[in-house]
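One structure is given below, encoded as structure tokens.
The values are calculated or read from the model by the stated rules, or taken from the named source; none is laboratory data. Source: prediction; values computed, not measured. Cβ placement follows ideal geometry from the backbone for every residue including glycine, while neighbour counts extend to all protein chains displayed.
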Amino acid sequence: MCRRRGKPRGLLAMPKNSSRKPNAGKLIQAAGDFSLDRSIGAHIKRANRAMSRSLQLKLLPSGIPIGMWYFLRALWEEDGLSQREISQRVGATAATATEQLRNMELRRLIVRQASKADRRKVHFFLTDDGRGLKVKLLKYPIEVEKAALADLSVGEVAFLRLVLKRIGDNLSRFDVDELAELNPDLIAPEELG
């Protein structure tokens, strides 16, 4: 850290007696520069698109579209989920989930089964073909992540996971009702959990 007359320099400098963490939200506002290069959201979106494109290219020969991939992945982690549970885990709308699950049924990757406890509920289970894809396809996201994280240390990767989780947690605290009032088409009530 650079020091001038014994005091830390830069945006993250804290008063000597302060026990509070610096609030990055205030720092961004104070910086006055919100170019794409300084936008965390733009960097996250760019990284997500690059990772998705890489994964999509690797999945292409298998015939599994990237959208279906996430649904398979959720069921590989926990078979027998309801449509709502799958939607929540992959971050999909009810309409997208309906379409993907229908396509997966047509490909005989899953079967639907009425709940024994509540006949109104439907659960989705992998078929042998759906389970068999796990061994074949799970290597691809591992390859993509290795490429994406190639120049990062173990500590940087752990810190990245922590920060991204914290960003997600921070954003999940927004008042969803207020957001839905502003644009009811943006979030369907059944997706809110």
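Looking only at the stretch 31-55, residues that are modelled with pLDDT of 90 or more and either charged (D, E, K, R) or in a loop (DSSP other than H, G, I, E, B) (or both) come to 4 in all. Among the conditions (1) modelled with pLDDT under 95; (2) assigned by TED's automatic domain parsing to the domain that holds Trp69; (3) closer than 28 Å to Arg46 by Cβ; (4) not β-branched (Val, Ile, Thr), the only one that Asn170 does not satisfy is (2). Note on the stretch 126-142: residues that are hydroxyl-bearing (Ser, Thr, Tyr) and assigned to a helix (DSSP H, G or I) total 1.
Somewhere in the stretch 60-68, is a residue outside any loop (DSSP other than H, G, I, E, B) and either outside the structural domain of Leu137 (by TED's automatic domain parsing) or closer than 15 Å to Phe125 by Cα (or both)? Within the stretch 60-68 (the criterion being outside any loop (DSSP other than H, G, I, E, B) and either outside the structural domain of Leu137 (by TED's automatic domain parsing) or closer than 15 Å to Phe125 by Cα (or both)), the answer is yes, since at least one residue qualifies. For the stretch 64-91, filtered to residues that are free of Cβ contacts under 8 Å to residues at least 60 places away in the same chain and more than 24 Å from Lys139 (Cβ to Cβ), the residue that is surrounded by the fewest Cβ atoms within 10 Å (Cβ to Cβ) is Gly80.
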